[in-house]
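Encoded as structure tokens, the structure appears first; notes follow it.
The values are calculated or read from the model by the stated rules, or taken from the named source; none is laboratory data. Quantities reported herein were computed from a predicted structural model and do not represent experimental measurements. A quick note on method: Cβ atoms are made from the backbone with ideal geometry, for glycine too, and the neighbour counts reach across all protein chains shown.
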Amino acid sequence: MAIGVFGGGPAEAGSGTPYFSSPLYWYYEMSHAALNPSRALADATRLYFKNPINPLAHTHFGKSMAAACEMFERSTRRYGKPDWAISSALVGGERVPVHVRTVWERPFCRLVHFERQFEHAPRIKQPRVLIVAPMSGHYATLVRGTVEAFLPKHDVYVTDWNDARMVPLSAGRFDLDDYVDYVISLFHFLRGDCHVIAVCQPSVPVLAAVSRMEAEDDPYVPYSMTLMGGPIDPRINPTAVNTLAVKRGIEWFRRHVIAKVPWPHPGFMREVYPGFLQLSGFLGMNFDRHLDAQKAMFSHLIAGDGDSAQKHRDFYDEYLAAMDLTAEFYLQTVETVFIRHALPERQMTHRGTPVDPAAIHRVALLTIEGEHDDISGVGQTEAAHRLCVNIPAELKAHYLQLGVGHYGVFNGSRFRAEIAPRIADFMVSSVRAFNLAARGQNAAVSALRLA
């Protein structure tokens, strides 16, 4: 979970310590409402100067005015949840329709199945993949590229987390323990017939969920788990995100970044970490790059470079769409993961029961990191191997992707060309290894019976 400029860390769930809610969210809503007339005027002006029958539309002045108005409207609007926009996939050289369907639902999450509509189903069953999307300020659609990379040869499911401001208070709380419960419930729903991929923030709760299931000999553990760019041990090569939490301390976050959802949102009066604060942190980490992108967009609009301008729109429509996190989840996560380092210190608990990764022995482990990751430093995810000491060596692997940052770990051309194929191969090899092990166990049992 990226903390960004405003940090983020969780308080111990159930500690009874009250949150000190900031009025910042209410000020944000009022300023957004106050800008509505200006946005409407800017949009109308943009249309006026883009109208081909207007002689000014063909002048540098007219193009500049239209571009300025569009930039103003886009910089002050609220970006809603993007659509998955996946209607088909290329499977075996054939374009197959894809139907996005909800197959499991709880107040804070839906499990989305990308159901491929085959005319003739593949003769060999394709691996089932559960992608646990990050719950860290962006919507699950951020992993759209991850989904598209696996759809041709896999049966893909994704956790679609709900915006906390859209969940009524009557639905109850949601903290890190609930997150782990949700992951375990998803494994049960899929009856363990799956491979799980945790993208960034979910690496810790997914590892915790599998640890708890293994400790209880749960038959529905997944075949393999892939942890990508996750903060398993943030003490290794700490980034600005990691050090900020330790520097500030949990009480600072309680007092400064927790707010109540304002009216008229369905989650009215729910205490949350607002998405716009998290987004501000993300933008602040690479402010110069984003500023240059806005300047380039303005130039593209004036020059009439529609393709480049559309790519900019598509990226920022996704990037600027932010969701709120429940206060209890945010605070508990930051304290557990970034301040107390509870997992690598072997002090993490789930519902009061210790989380012991050493209990894992049936689930293969693959960790993936990016060379230039400025959110989860190199080595933080690989630390999972030192915790999962009872996974056989042939079922463990680590891969460092050169030349990519945090988002390049799960999206982009290098992910499609170099990372996704490695994950797919690891899934196949892990299942093959387990089948061989199971055959060996069955042969041993038969020999004992014959003796």
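Look at region 124-141 and say how many of its residues are at pLDDT below 90, under 20 Å from Val428 (Cβ atoms) and buried (at least 24 other Cβ atoms within 10 Å of the Cβ).
Number satisfying all stated conditions: 0.
Of all residues in region 360-373, count the ones that are in a loop (DSSP other than H, G, I, E, B) and within 16 Å of the chain's Cα centre (by Cα). Talk me through it step by step, then tell me what you get.
Keep residues of region 360-373 that are in a loop (DSSP other than H, G, I, E, B), which gives 360-363, 371-373.
So of that shortlist, the ones also within 16 Å of the chain's Cα centre (by Cα) come out as 373.
Final tally of qualifying residues: 1.
Tell me which of these Ala140 doesn't satisfy, since it passes every other one: (1) touching an Asp or Glu at 6+ places or on another chain (Cβ under 9 Å); (2) on the phi > 0 side of the Ramachandran plot; (3) of a type in the set (Gly, Ala, Ser).
Just one mismatch for Ala140, condition (2).
Select from region 108-123 the residues that are buried (at least 16 other Cβ atoms within 10 Å of the Cβ) and outside any strand (DSSP E or B) and list them in ascending order.
Answer for region 108-123, where residues must be buried (at least 16 other Cβ atoms within 10 Å of the Cβ) and outside any strand (DSSP E or B): just Phe108.
Name the one entry in Trp84, Trp104 that is in a strand (DSSP E or B) and touching a helix residue (DSSP H, G or I) at 6+ places or on another chain (Cβ under 7 Å).
Trp104
Only one of (1) at pLDDT 95 or above; (2) surrounded by fewer than 23 Cβ atoms within 10 Å (Cβ to Cβ) fails for Glu369. Which number is that?
Here Glu369 meets the rest and fails (2).
Mind listing whichever residues of region 30-53 are without any contact (Cβ under 8 Å) to a residue 12 or more places away in the chain and outside any helix (DSSP H, G or I)?
Asn51, Pro52, Ile53, listed by residue number.
Go through region 196-277 and tell me which helices (runs of 4 or more DSSP H), entirely inside it, have 2 or more residues that are within 29 Å of Ser170 (Cβ to Cβ) and in contact (Cβ under 8 Å) with a residue 12 or more places away in the chain.
Fully inside region 196-277 and qualifying: 203-215, 250-256.
Read through the list (1) at pLDDT below 95; (2) surrounded by fewer than 22 Cβ atoms within 10 Å (Cβ to Cβ); (3) in contact with a helix residue (DSSP H, G or I) (Cβ under 9 Å, 6 or more places away or on another chain), then give the number of the only condition that Arg191 fails.
With respect to (1) at pLDDT below 95; (2) surrounded by fewer than 22 Cβ atoms within 10 Å (Cβ to Cβ); (3) in contact with a helix residue (DSSP H, G or I) (Cβ under 9 Å, 6 or more places away or on another chain), Arg191 is out only on (3).
Report whether or not Ser299 is of a type outside the set (A, V, I, L, M) and without any contact (Cβ under 8 Å) to a residue 60 or more places away in the chain.
In short, yes.
Please give the number of the condition Tyr25 fails out of (1) assigned to a loop (DSSP other than H, G, I, E, B); (2) outside the structural domain of Ser280 (by TED's automatic domain parsing).
(1)
Among the residues of region 293-316, write down those that are surrounded by 14 or more Cβ atoms within 10 Å (Cβ to Cβ) and of a type in the set (Phe, Trp, Tyr).
Phe298, Tyr316
For region 142-167, which positions are within 11 Å of the chain's Cα centre (by Cα), assigned to a helix (DSSP H, G or I) and crowded, with 21+ Cβ neighbours inside 10 Å?
Leu142, Val143, Thr146 - these are the residues of region 142-167 that are within 11 Å of the chain's Cα centre (by Cα), assigned to a helix (DSSP H, G or I) and crowded, with 21+ Cβ neighbours inside 10 Å.
Would you confirm whether any residue within region 352-365 is more than 25 Å from Tyr79 (Cα to Cα), of a type in the set (Ser, Thr, Tyr), buried (at least 22 other Cβ atoms within 10 Å of the Cβ) and in the same structural domain as Ala171 (by TED's automatic domain parsing)?
Checked region 352-365: no residue is more than 25 Å from Tyr79 (Cα to Cα), of a type in the set (Ser, Thr, Tyr), buried (at least 22 other Cβ atoms within 10 Å of the Cβ) and in the same structural domain as Ala171 (by TED's automatic domain parsing).
Quickly run through region 347-359 and pick out the residues that are touching a residue at least 24 places away in the same chain (Cβ under 8 Å) and in a loop (DSSP other than H, G, I, E, B). Give the derivation first.
Taking region 347-359 first, the residues touching a residue at least 24 places away in the same chain (Cβ under 8 Å) are 348, 350-351, 353, 355-359.
Selection gives Met348, Arg351, Val355, Asp356.
Quick check on region 384-398: of everything there that is buried (at least 20 other Cβ atoms within 10 Å of the Cβ), in a helix (DSSP H, G or I) and not small (Gly, Ala, Ser), which residue is modelled with the highest pLDDT?
Leu387
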